[in-house]
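Asker: This is the structure I want to talk about, given as structure tokens.
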Amino acid sequence: SPFFMEWQRVLKRGGGLIVVEPNRLYPVSWLMYPVNLVGQKVKPGWRGAVPHERALLPGWLVRAFGEANLEQVEFWAASYAHNRLPLGINKAIESALGAFRKTRPFKALGYWTVFCGRRPASG
């Protein structure tokens, strides 16, 4: 990916990279992903999203981090709340699942996921 090539170029040795991305595995995204694709074609920028915005698969990002020669790659859910759900429902979801953010399968199902990796100090 051109993004990882650029990060590899500018990231100092031993430096870390943190990426926060929307997750395509989030259950609401299963329904919204095709709707958003069509919506962007009909009216670019609808729902406040930029036309090229896409939720990503955690496995793809983990592989991309590895292909960019980043070490200590890990990820976890940052949030299970969807910005279109009522506040009370979001609070209940976050409260119920907060302790499970770094455990399987919950870490792969968050609305937002955090990925981190480190450029090797040598090599």
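The values are calculated or read from the model by the stated rules, or taken from the named source; none is laboratory data. In this text the structure is predicted, and so the values were computed from the model without any measurement. Here the Cβ positions follow ideal geometry from the backbone for every residue, glycine too, while neighbour counts run over all protein chains shown. The accessibility values were calculated without ligands, DNA or RNA, using every heavy atom of the protein model including side chains. Shrake-Rupley method; radii C 1.70, N 1.55, O 1.52, S 1.80 Å.
Asker: Rounded to the nearest percent, how much of the accessible area of segment 1-117 (1.4 Å probe, protein heavy atoms only) is carbon and sulfur?
Answerer: Carbon plus sulfur share of accessible area: 64 percent.
Asker: A further question follows. Note down the magnitude of the dipole of the chain about its Cα centre, charges +1 on Lys and Arg C-beta and -1 on Asp and Glu C-beta and zero elsewhere, to the nearest 20 debye. Provide the component values of the computation, followed by the final result.
Answerer: On the way: 17 positive and 7 negative charges, 13 e Å.
Roughly 60 debye for the chain.
Asker: Between rounded, prolate and oblate, where does the chain land on the alpha carbon gyration tensor, with a ≥ b ≥ c its root eigenvalues, rounded for a/c under 1.5, else prolate if a/b exceeds b/c? All intermediate terms of the calculation are to be shown ahead of the outcome.
Answerer: Details: a/c = 2.63, a/b = 1.38, b/c = 1.90.
Oblate.
Asker: Residues with amide H under 5 Å of ALA78's amide H, sequence separation 5 or more or different chain, H placed in the peptide plane at 1.01 Å from N; which?
Answerer: Amide H to amide H, under 5 Å and 5 or more residues apart or across chains, ALA78 pairs with TRP112, THR113, VAL114.
Asker: Shifting gears a bit: Per residue, how much accessible area does the chain have with a 1.4 Å probe, in Å²? Write down the numbers at each step before the final one.
Answerer: On the way: 7910 Å² over 123 residues.
With all protein chains present, the chain gives 64 Å² per residue.
Asker: How big is Rg to Rh over segment 78-123, alpha-carbon atoms, Rh as the Kirkwood inverse-mean-distance radius? The partial results should precede the final answer.
Answerer: Values: Rg = 14.3 Å, Rh = 12.1 Å.
Looking at segment 78-123, the ratio lands at 1.19.
Asker: Got the relative contact order for the chain handy, in percent, Cα pairs under 8 Å and 6 or more residues apart? Mind showing how you got there, number by number?
Answerer: Working: 183 pairs, mean separation 50.9, N = 123.
Over the chain, the number comes to 41 percent.
Asker: Specify the angular offset, from 0 to 90 degrees and rounded to the nearest 10, of the alpha carbon long axis of helix 27-42 from the longest principal axis of the alpha carbons in the chain.
Answerer: Between helix and principal axis, roughly 90 degrees.
Asker: Across the chain, how many lysine pairs, 8 or more apart or on two chains, come within less than 29 Å at their alpha-carbon atoms?
Answerer: Numbers: LYS12/LYS102; LYS12/LYS107; LYS91/LYS102; LYS91/LYS107.
Number of lysine pairs found: 4.
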